[in-house]
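Peer 1: Below: one structure in structure tokens.
The values are calculated or read from the model by the stated rules, or taken from the named source; none is laboratory data. The structure displayed is predicted, hence computed values, not measured ones. Don't worry about glycine lacking a Cβ; one is built from the backbone with ideal geometry, like all the others, and counts go over all protein chains shown. Remember, those area values only see protein heavy atoms, side chains included, never the ligands or the DNA or RNA. Shrake-Rupley method; radii C 1.70, N 1.55, O 1.52, S 1.80 Å.
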Amino acid sequence: FGIGDVYSQPPGTVANISNPHNINFYMPPLADGKVAVIPWDWNAVFALGSTAPLTGDKNIQKVINRPRFRRLFLGHLKNLIDTSFNAAYMGPWLAHYSEVTGEGYTGYTTNITSRNNYVLSQINAQIAPVAFAVTTNGGADFEVGAASVVLDGDGWVDVREIRVNGSPESLPVRWTDNNSWRVTVPLGAGANVLVLTAYDGRGLVVGSDTITVTNTVPVVQADAGNLAVTEIHYNPVAPAGEFLEVMNISGTQAVDLGGCAFTDGVEYVFPAGTVLAPGVRLVIPAAAFLNGTALSNGGERITLVRPGGVVVKSFVYGDRAPWPETADGFGPSLVLMAPLTNPDPGLAENWRASVAAGGNPGGDDGQYFT
């Protein structure tokens, strides 16, 4: 079809359209309900002038011009210019293809440079450059009485990820307008020095800012040291009896589970405001599991993450020795032994079968010597 086809044309027609784009639609095999749009040949093999519009007037423009996508689109253009669509990168390739084909492509570096200058001017005109900064409380330190805090800030189109305190994972970022972001950051007890760093599409740092937020209440975010998965009933006699149990093992601090989620094994998100006092257990029954998920009767990985994707617990349980085999459909559940010592849940020797059939959700059925 060449470069003259576009998905808004009626089948079989050849129209004189102002924006001849090719386009494909792709749905990943692990269906998440989203379809990827893959356009190409947007520069019409260098036939367009350097000041041609950034988008045309067909259906794809309607998607790009939505506020939530415009920033992503302009940021992607900026990333292309920085990485590959520039004279320094393309020059050797154009010379190579000129030599291979016997045709002259080297002159296109002038077109590339002119086009880039125009596109950059348009990006600046549509979304004014701003320095990356925290704007909550004017950027000054402040106090909250919670285990997490919502921070707002400024950032330009080159900001692709925001990470806190050197974490390799990006915080979930919500862009409230073209150059304003919002993130939720977990807090420990007392003063929390938060270093927020912005990265572009190449993984390079494009900005950083620091703010100290003091948590005035003894509530901390869930982490690997203060929370344990203490009971798993994966193959009950009655299917409705399936459940998971977690426990605050900190000893002294309340643990905030709001926004934490089981992502492997089963799917479940703890509601905002879910706080466990020291030593308290919480049971998640099968009826609360999301998207029809269920625990595997043959063993599988269970992963619990907190907001931002930081892993709290991730381990694989089994249904065959050395794992307690009576937990596999004979009534008992899997119970973590000595949870206050924070044993490794991935080791079979740290688990036993519950004393009673159906497990002991919400309590400890350990037998004392006395």
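Peer 1: Collect residues whose amide H, placed 1.01 Å from N in the peptide plane, falls under 5 Å from the amide H of Glu242; neighbours closer than 5 in sequence don't count.
Peer 2: Answer set, sorted by chain and number: Ala286.
Peer 1: Of all DSSP beta bridges in the chain, what percent run antiparallel (nearest 5)? Provide the component values of the computation, followed by the final result.
Peer 2: Working: 59 of 66 bridges.
So the antiparallel bridges amount to about 90 percent of the total.
Peer 1: Continuing with this model, one more query. Can you give the accessible area of Lys62 in Å² (nearest 10), computed on protein heavy atoms with a 1.4 Å probe?
Peer 2: 140
Peer 1: Show me, for the stretch 273-289, the HN-Hα J-couplings you get by feeding each phi into the Karplus relation (A = 6.51, B = -1.76, C = 1.60, θ = phi - 60°), rounded to Hz, glycine and proline as x.
Peer 2: These are the phi-based 3J(HN,Hα) values: x, 7, 10, 9, 6, x, x, 8, 9, 9, 9, 10, x, 4, 5, 8, 4 Hz.
Peer 1: State, to one decimal in nm, how far the label point of Val205 lies from the label point of Leu340, with both points 7 Å from Cα in the Cβ direction.
Peer 2: Result for the modelled spin labels: 4.3 nm.
Peer 1: Something else about it: Taking the convex hull of the Cα atoms, report for the stretch 296-370 its projected area averaged over all directions, in nm².
Peer 2: About 6.0 nm², averaged over all directions.
Peer 1: For n ≥ 4 DSSP H runs only, could you compute -39500 (n - 2.57) per run for the chain, divide by its residues and tell me the 222 nm figure to the nearest 500?
Peer 2: So the helix-based figure for the chain works out to -5000 deg cm²/dmol.
Peer 1: Expressed as an acute angle from 0 to 90° and rounded to the nearest 10, what is the orientation of the C-alpha long axis of helix 108-126 relative to the principal long axis of the chain?
Peer 2: Taking the Cα atoms of the chain, the angle to 108-126 is about 60 degrees.
Peer 1: I've got another one for you. Counting only protein heavy atoms and using a 1.4 Å probe, what share of the accessible area of the stretch 173-261 belongs to carbon plus sulfur, as a whole percent?
Peer 2: With neighbouring chains kept in place, the figure for the stretch 173-261 is 53 percent.
Peer 1: Explain nothing, just compute: Karplus ³J(HN,Hα) = 6.51 cos²θ - 1.76 cosθ + 1.60, θ = phi - 60°, for every residue of the stretch 248-253 in order, whole Hz, x for Gly and Pro.
Peer 2: 7, 10, 5, x, 9, 10
Peer 1: Let's test this: bin the Cα-Cα distances of the chain at 20 Å from zero up to the farthest pair and state each bin's percent.
Peer 2: Bin by bin from 0 Å, the calculated values are 22, 40, 29, 9, 0.
Peer 1: How large is the convex hull of the Cα atoms of the stretch 55-124 per residue, expressed in Å³ as a whole number?
Peer 2: Taking the convex hull of the Cα positions in the stretch 55-124, it is 104 Å³ per residue.
Peer 1: Please give the length that would be gained between Asp141 and Ala356 if that part of the chain were fully extended, namely 0.36 nm times their separation in residues minus their C-alpha to C-alpha distance (nm, one decimal).
Peer 2: Working: separation 215, 0.36 × 215 = 77.40 nm, distance 5.20 nm.
Here the segment from Asp141 to Ala356 would lengthen by 72.2 nm.
Peer 1: Between Ala36 and Asp223, what is the label-point separation in nm under the 7 Å Cα-to-beta-carbon projection?
Peer 2: Here the modelled spin labels are 3.5 nm apart.
Peer 1: How far is helix 87-101 tilted, in degrees, relative to the longest principal axis of the Cα atoms in the chain, given as a value from 0 to 90 rounded to the nearest 10?
Peer 2: For helix 87-101, the angle is close to 70 degrees.
Peer 1: Using 0.36 nm times the number of residues separating Ser180 and Ala238, minus their current alpha carbon distance, what extension gain do you get?
Peer 2: Taking 0.36 nm per residue and subtracting the Cα distance, the gain is 15.8 nm.
Peer 1: When we measure straight from the Cα of Lys62, which lysines land under 21 angstrom away, once same-chain ones fewer than 8 places off are left out?
Peer 2: Here the lysines satisfying the reach criterion relative to Lys62 are Lys34, Lys78.
Peer 1: Report the Rg/Rh value for the stretch 156-302, based on alpha-carbon coordinates and the Kirkwood definition of Rh.
Peer 2: Expressed as Rg/Rh, it is 1.05.
Peer 1: Right, here's the next one. Can you pull the one-decimal nm distance between simple spin-label points at Glu300 and Ser167, each 7 Å off the Cα toward Cβ?
Peer 2: 2.6
Peer 1: In sequence order, what are the phi-derived ³J(HN,Hα) couplings for the stretch 305-319 according to the Karplus relation 6.51 cos²θ - 1.76 cosθ + 1.60 with θ = phi - 60°, rounded to whole Hz, with x for glycine and proline?
Peer 2: Karplus-based 3J(HN,Hα) across the stretch 305-319 equals 10, 9, x, x, x, 5, 6, 8, 9, 8, 7, 10, 9, x, 10 Hz.
Peer 1: At a Förster radius of 30 Å, what calculated FRET efficiency corresponds to the Cβ-Cβ distance of Tyr89 and Val195, to the nearest 0.05?
Peer 2: Taking R0 as 30 Å, the efficiency between Tyr89 and Val195 is 0.40.
Peer 1: Using R₀ = 30 Å, calculate the FRET efficiency as 1/(1 + (r/R₀)^6) where r is the Cβ-Cβ separation of Thr274 and Ala131; round to 0.05.
Peer 2: Numbers: r = 37 Å, r/R0 = 1.22.
For Thr274 and Ala131, the calculated efficiency is 0.25.
Peer 1: Can you give the alpha-carbon Rg of the stretch 253-352 over 2.2 N^0.38 Å, where N counts its residues?
Peer 2: 1.11
Peer 1: Expected output is a single nm value to one decimal: the length gained when fully extending between His96 and Ser114, i.e. 0.36 nm times separation in residues minus the C-alpha distance. What is it?
Peer 2: Numbers: separation 18, 0.36 × 18 = 6.48 nm, distance 2.15 nm.
Extra length from His96 to Ser114 when fully extended: 4.3 nm.
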